[in-house]
Amino acid sequence: MPSLPPSPYGRPVAAQVTAHLEGIAGAVAVAVAAALSARREPTLDAVAALTPDSAVREGPVRAADVPFTTAPRKACRRSG
(Lines give C-alpha, C1' and ligand atoms only; values in the text may rest on other atoms or scores of the structure.)
Protein backbone atom coordinates (compact mmCIF):
# COMPACT_ATOMS: atom_id res chain seq x y z
CA MET A 1 0.00 0.00 0.00
CA PRO A 2 1.44 3.41 -0.88
CA SER A 3 2.15 5.76 1.99
CA LEU A 4 0.56 9.17 2.26
CA PRO A 5 2.68 12.17 1.31
CA PRO A 6 4.11 14.25 4.15
CA SER A 7 1.77 16.85 5.56
CA PRO A 8 2.72 20.37 6.64
CA TYR A 9 -0.24 20.24 9.05
CA GLY A 10 0.89 17.32 11.21
CA ARG A 11 -1.87 14.92 10.16
CA PRO A 12 -2.29 12.59 7.18
CA VAL A 13 -3.23 14.22 3.88
CA ALA A 14 -6.34 12.03 3.53
CA ALA A 15 -7.64 13.34 6.84
CA GLN A 16 -7.04 16.93 5.75
CA VAL A 17 -9.25 16.46 2.73
CA THR A 18 -12.02 14.24 4.06
CA ALA A 19 -12.44 14.77 7.78
CA HIS A 20 -13.47 17.56 10.11
CA LEU A 21 -11.20 18.03 13.14
CA GLU A 22 -13.87 16.55 15.44
CA GLY A 23 -14.00 13.52 13.13
CA ILE A 24 -10.25 13.12 13.42
CA ALA A 25 -10.49 13.41 17.21
CA GLY A 26 -13.19 10.72 17.18
CA ALA A 27 -11.02 8.42 15.11
CA VAL A 28 -8.13 8.96 17.52
CA ALA A 29 -10.39 8.18 20.51
CA VAL A 30 -11.62 4.95 18.90
CA ALA A 31 -8.08 3.90 17.96
CA VAL A 32 -6.78 4.58 21.48
CA ALA A 33 -9.70 2.70 23.07
CA ALA A 34 -9.16 -0.27 20.73
CA ALA A 35 -5.42 -0.38 21.39
CA LEU A 36 -5.89 -0.20 25.15
CA SER A 37 -8.61 -2.82 25.01
CA ALA A 38 -6.35 -5.18 23.05
CA ARG A 39 -3.76 -4.74 25.78
CA ARG A 40 -6.52 -5.26 28.39
CA GLU A 41 -5.87 -1.79 29.79
CA PRO A 42 -8.98 0.17 28.75
CA THR A 43 -9.69 3.21 30.87
CA LEU A 44 -11.70 6.27 29.97
CA ASP A 45 -9.11 8.49 31.62
CA ALA A 46 -6.41 7.13 29.29
CA VAL A 47 -8.65 7.55 26.24
CA ALA A 48 -9.40 11.16 27.24
CA ALA A 49 -5.73 11.89 27.92
CA LEU A 50 -4.70 10.70 24.45
CA THR A 51 -7.57 12.27 22.48
CA PRO A 52 -7.01 15.75 21.02
CA ASP A 53 -8.68 18.60 22.92
CA SER A 54 -12.13 18.70 21.36
CA ALA A 55 -15.84 18.20 21.98
CA VAL A 56 -15.21 14.50 21.34
CA ARG A 57 -12.71 14.38 24.22
CA GLU A 58 -15.37 15.63 26.62
CA GLY A 59 -17.34 12.36 26.23
CA PRO A 60 -14.73 10.11 27.87
CA VAL A 61 -14.04 12.82 30.46
CA ARG A 62 -17.72 12.92 31.49
CA ALA A 63 -18.13 9.14 31.23
CA ALA A 64 -15.18 8.53 33.56
CA ASP A 65 -17.15 10.24 36.33
CA VAL A 66 -20.13 7.87 36.00
CA PRO A 67 -20.03 5.04 38.57
CA PHE A 68 -19.67 1.57 37.02
CA THR A 69 -22.85 0.40 38.76
CA THR A 70 -25.00 3.05 37.03
CA ALA A 71 -27.80 1.68 34.85
CA PRO A 72 -26.88 1.91 31.12
CA ARG A 73 -29.63 4.39 30.16
CA LYS A 74 -28.80 6.66 33.08
CA ALA A 75 -25.08 6.42 32.29
CA CYS A 76 -25.77 7.47 28.69
CA ARG A 77 -27.77 10.48 29.83
CA ARG A 78 -25.08 11.51 32.31
CA SER A 79 -22.15 11.11 29.96
CA GLY A 80 -23.73 12.63 26.89
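The set of residues from segment 29-61 being in contact with a helix residue (DSSP H, G or I) (Cβ under 7 Å, 6 or more places away or on another chain) and of a type in the set (A, V, I, L, M, F, W, C) comprises ALA29, VAL32, ALA33, LEU36, LEU44, ALA46, VAL47, ALA48, LEU50, ALA55, VAL56, VAL61.
Being farther than 18 Å from GLY80 by Cα and open to solvent by 60 Å² or more (accessible area, probe 1.4 Å) is the filter here; which residues of segment 35-48 pass it? If the condition is that a residue be farther than 18 Å from GLY80 by Cα and open to solvent by 60 Å² or more (accessible area, probe 1.4 Å), then SER37, ALA38, ARG39, ARG40, GLU41, PRO42 are the ones that fit.
The values are calculated or read from the model by the stated rules, or taken from the named source; none is laboratory data. These numbers come from a predicted model, not from an experiment. With ideal geometry, Cβ positions are generated from the backbone for all residues, glycine too; neighbour counts draw on all protein chains shown. Only protein heavy atoms, including side chains, enter the accessible area calculation; ligands, DNA and RNA are left aside. Shrake-Rupley method; radii C 1.70, N 1.55, O 1.52, S 1.80 Å.
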